[in-house]
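The values are calculated or read from the model by the stated rules, or taken from the named source; none is laboratory data. This one's a predicted model, so the numbers in the text were calculated from it and none came from an experiment. Please note: Cβ atoms are built from the backbone with ideal geometry, for glycine as well, and neighbour counts cover all protein chains shown. These area figures cover heavy atoms from the full protein model, side chains too; ligands, DNA and RNA do not enter into them. Shrake-Rupley method; radii C 1.70, N 1.55, O 1.52, S 1.80 Å.
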Amino acid sequence: MRQSQLFTKTRREAPKDEVSKNAQLLIRAGYIHKEMAGVYSYLPLGLRVLKNIERIIREEMNAIGGQEIQMATLHPSEVWKQTGGWDGVDVLFKIQSRTEKEYALGQSEEEIVTPIAQEYALSYKELPLAIYQIGQKYRDELRAKSGIMRGREFGMKDMYSFHESQEDFERFYEVAKEAYLKVFSRAGLDAKVTEASGGAFTTKLSYEFMVLTDAGEDDIVYCDMCTHCANTEVAEAESGGTCPKCGEGTLAKARAAEVGNVFDLGRKYPEAFGYTYKDKDDKDQTPIMGCYGIGTTRLMGAIVEVLSDEKGIIWPESVAPFAVHLVALNAESAELRDYADTIYSGLCERGIEVLYDDRSLRAGEKFADSDLIGIPYRVVVSEKTKEQNTFEVVKRRTGEVTYHSEEELYASLPPAGGPESSLSGTEQTATI
Ligand code: ATP
Ligand code: MG
């Protein structure tokens, strides 16, 4: 895409009403637009990042047999009354229509997905079943000061599974945990798995996926040697102590953001809706249910918090809005522009996603914008590269500079979506 055509612009000053780094950088670089506290619109660059995050999640959910659907976000009040959520869920947004009918905005979708499963999965032959969606959620959060990490409207992937037995649920729980760790590592983050109580849902065990960042709202202790990690709300362990799991490492305390979690819901929702299926002996049984969330917009915010420096954002290749930022210097010269255009076409023809800075601006301004926007590779095209047929490629993350001929340049840059992307990712092939 030509940057001269991109309708968003960068800005030097951080917005005064934002305290979080993620919102400041994303607004300055033109990724998001604030509507009010906790509510943001996603602009062209921001939407590209969000779609990349969603693609990674979709691929991993499909790989474990999840079937994607899109559920309604405007909910009838009846289903929420049936489960007790209408009065019991404090963050639920309630709406009254002009005909005095009441509705809820989806803050989670157990009330919608359980009746859907109940309509189709009526025999043990249809179980296990895992259904997910990626969409908007609405929550009446009291504080919304963490930018896109705590929204009143935000993006979530939520999956729900239904099983014949606790044993089968636990088998899938492990599979889902592994898939979650893949999602976060593909998105460029190191997530730790904590054990925590199931909160409002149940007294059963749940797992939270935590990314270490001061922008988070959770306190955790983790082992410096093994995978042990616990939320300090429930953990007895103190920082500085010896790890209870491996007995060798030392526990450290840290601030973290919960980017995902998985819950054992037991039979709560199927029971609320009177959902039973026929087992092998034709007897009525109530399924066991699990739910699995990932905050897509929070994940985007966490990436910015963890992967940025004083100049701006540093996107991992897998989620970056473009793989390459092609910066043409002296773009006001027609001759130079023609030449830069051929390099741009050369990259595009090879399936490399390029943001092409063809604007007539000073080099310093272009580089500052490029650092702020944070595309993984910057390629400069100038009189010098034209004369010498040598291109300078700067890696945003490390600042490492390499030099390439035109052909080497095309071969050295990554294809769209990064090395791990699979273009057939939307196809459903796996079974749960
Ligand atoms: P938190 O404790 O941070 O409020 P939660 O326990 O309420 O999170 P869930 O209801 O399990 O979270 O939602 C699943 C995921 O959705 C969370 O792990 C988180 O990544 C994301 N999430 C939850 N609330 C928000 C929010 N207000 N804004 C953005 N993402 C959110
Ligand atoms: Mg919450």
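Details
- Two-site label geometry, GLU271 and CYS348: point separation in nm, points 7 Å out along Cα→Cβ: 6.0
- Calculated diffusion of the chain, Stokes-Einstein form, Kirkwood radius summed over Cα pairs, 4 °C and 1.567 mPa s, µm²/s: 55
- Neighbour net charge for THR390 - beta-carbon separation under 13 angstrom, K R +1, D E -1: -4
- Neighbourhood net charge (9 Å Cβ-Cβ; Lys/Arg +1, Asp/Glu -1) for LEU127: -2
- Amide H contacts for GLU68 (H built 1.01 Å from N in the peptide plane; partners 5 or more residues away or on another chain; cut-off under 5 Å): TYR132.
- Mean residue ellipticity (222 nm) of the chain, computed from DSSP H runs ≥ 4 via -39,500 (n - 2.57), nearest 500: -9000 deg cm²/dmol
- Candidate lysines for bridging to LYS395, where Cα separation is under 27 Å - those fewer than 8 sequence places away on the same chain excluded: LYS9, LYS21, LYS51, LYS182, LYS311, LYS366, LYS384, LYS386
- Sites GLU100 and THR390 - FRET efficiency at Förster radius 56 Å, r taken between beta-carbons, to 0.05: 0.20
- Summed residue charge, Cβ within 9 Å of VAL262's Cβ, Lys/Arg positive, Asp/Glu negative: -1
- For ARG396, residues with placed amide H under 5 Å, excluding near neighbours: TYR377, ARG378
- The accessible surface of the chain, taken with every protein chain in place and a 1.4 Å probe, is 47 percent carbon and sulfur.
- Here's the picture: charge each Lys and Arg Cβ at +1 and each Asp and Glu Cβ at -1 in the stretch 296-432, and of MET300, PHE322, GLY399 the one pushed furthest to the positive end of that dipole is MET300.
- Building the convex hull from the alpha-carbon atoms of the stretch 44-125 and averaging its projection over directions returns 8.3 nm².
- Placing R0 at 45 angstrom, the Cβ-Cβ distance between LYS182 and VAL401 gives a FRET efficiency of 0.90 after rounding to 0.05.
- Sites matching chymotrypsin sites (Phe, Trp or Tyr not before Pro) across the stretch 82-141 that sit in DSSP coil, with at most 10 neighbouring C-beta atoms within 10 Å: none
- Calculated FRET efficiency for the pair LEU47/GLN70, C-beta based, R₀ 25 Å, to 0.05: 0.90
- All Cα pairs of the stretch 10-56, percent lying beyond 17 Å: 31
- Amide H partners (placed H, <5 Å) of PHE391, local residues excluded: HIS404, SER405
- Candidates ILE32, ILE313, ILE95: whichever shows maximal mean-square fluctuation once the chain is modelled as a Gaussian network with Cα springs under 10 Å: ILE95
- Nearest-20 debye value, the chain charge dipole, Cβ charges on Lys, Arg, Asp, Glu: 1080
- Contour excess over end-to-end distance, with Cα ends at VAL91 and THR242 and 0.36 nm allotted per residue: 50.5 nm
- Disulfide-incompatible cysteines by the Cβ rule (no partner under 4.7 Å) in the chain: CYS229, CYS291, CYS348
- Protection-proxy order for peptides 173-185, 395-407, 373-385, each taking the mean of Cβ atoms within 10 Å per residue, highest first: 373-385, 173-185, 395-407
- Heavy-atom SASA rank of THR390, THR429, THR213 (probe 1.4 Å, accessible area, largest first): THR429, THR390, THR213
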